[in-house]
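Structure record follows, encoded as structure tokens.
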Amino acid sequence: KSRSPRTTKSRSHGFTHAQDMAPSGMLRGVVKQVLSGDTIVIMGLDSSRGPPPEKQLTLANLQAPRLSNRNNPVEQPFAWASRESLRAQLIGKEVSFSIDYANTAARQFGTVITNDGQSVALAIVAAGWARVQAPKPADGAPTASASPALEQLKEAEAAAKEHGLGQWTSEEGAATRSTRIVDYAPDVAALLKEFKGQRVSAVVEHVNSASSYRLTLLPGFQSISMMLVGVMTPVVKRDHATGTEEAAPLAREAKFFAESRVMHRTVRVVLEGIDKSGNLVGSVLHVVNEINMGAELLKVGLGKV
């Protein structure tokens, strides 16, 4: 039976050093977000002194299809399936990781290893959800053009192509069917009329504050903002002109409490109404035992009615 890597008590910028199955020099953390099929956000393990540090990391030597967003609504085929495959594998899980190089835009690329010692990049490529892309000199990668890891990725990609896996499928119309059309400005009144009081499956895309969420409703891919019904939580105010932030007491702790439980998780939402700002109001239920996030925030003293 595989053992999870032991960790030392030493820290590197808030992250724990890994031992045992992880290669020497790697750090330990928990996957907080899966931004796409090749990019994740890892946070430190120790939250005893407040929200731990975070690091955004793109898997080295590969590229997944690009998801759409509000500013760029055109999505590449298989982008959602690629991201969902990685999200199912990693969200909320402890991993070992290393930063291998960074480009001039300060984007960091690295290696991520699961608890059973498997390369995440290799698994994604082998399943056909990302293509191998050797780093460009501008990316700041080591000058050696070939490495055992890169060659292993190329072999896995060739096998995935041969067997028609993931984005390499030869099935007619698969690319079109796999491309989401996301509604970034849905008719909230119509959504409320259709779904009020029902449990609707959704993915939490962003936690604005402990009581404010951006969600993607499934299976229709409507992108909505929703406030928790009957719960007020402290917030972090940001001055966009200066980039400074002012946090109310316990605001960061409340946001972290919500993020660590539902960020990029599949949840159930119950739509109840629309507030004065035109945002939907409702409940977020964690899929495990349908724990109500609003009730949990009130229970631990991070919110008030």
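Once you wrap a convex hull around the alpha carbon atoms of the stretch 201-240, what is its projected area averaged over all directions, in nm²? Show your work: numbers first, answer last.
Values: hull surface 13.7 nm².
Projected area, direction-averaged: 3.4 nm².
Quick one: which of 126-135, 238-247 comes out on top by average Cβ neighbours within 10 Å, and what's the full order, highest first? Each step should come with its number before you reach the end.
Values: 126-135: 20.4, 238-247: 9.2.
Output ranking for 126-135, 238-247: 126-135, 238-247.
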| task | Report the far tail of the P(r) of the chain, meaning the percent of Cα-Cα pairs longer than 36 Å. | result | 22
| Alpha-carbon Rg/Rh ratio, for the stretch 24-100, with Rh computed the Kirkwood way | 1.02
| Per the 1.4 Å probe, what fraction of the accessible area of the stretch 195-305, in percent, lies on carbon and sulfur atoms? | 52
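Probe of 1.4 angstrom, ligands and nucleic acids ignored: what's the accessible area per residue over the chain, in square angstrom? Let's see the in-between values first.
Numbers: 15810 Å² over 305 residues.
Each residue of the chain exposes 52 Å² on average to a 1.4 Å probe.
By the scheme Lys and Arg +1, Asp and Glu -1, what is the net charge of all other residues having a beta-carbon under 14 Å from that of Thr111?
Details: positive: Arg28, Lys55; negative: Asp38, Asp100.
After counting each charged neighbour, the total is 0.
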| task | Enumerate the lysines that Lys32 could reach by cross-link, defined here as Cα to Cα under 29 Å, with residues fewer than 8 away along the same chain left out. | result | Lys1, Lys9, Lys55, Lys93, Lys136, Lys154, Lys237, Lys255, Lys299, Lys304
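Report, in cubic angstrom per residue, the convex hull volume of the C-alpha atoms of the stretch 180-305.
Working: hull volume 15.0 nm³, N = 126.
Spread over its residues, the Cα hull of the stretch 180-305 gives 119 Å³ apiece.
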| remark: One finds the C-alpha centres of the stretch 176-203 and the stretch 268-293 to be spaced, in Å, by 13
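Cα-Cα pairs above 20 Å in the stretch 104-242: how many percent?
Value for the stretch 104-242 (Cα pairs over 20 Å): 69 percent.
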| Ratio of the stretch 53-138's C-alpha Rg to 2.2 N^0.38 Å, to two decimals? | 1.12
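The values are calculated or read from the model by the stated rules, or taken from the named source; none is laboratory data. It should be emphasised that the depicted structure is a prediction, and the values quoted were computed from it without experimental measurement. Using ideal geometry, Cβ is built from the backbone for each residue, glycine included, and neighbour counts are taken over all protein chains shown. Quick note on the areas: whole protein, heavy atoms, side chains included, nothing else; ligands and nucleic acids left out. Shrake-Rupley method; radii C 1.70, N 1.55, O 1.52, S 1.80 Å.
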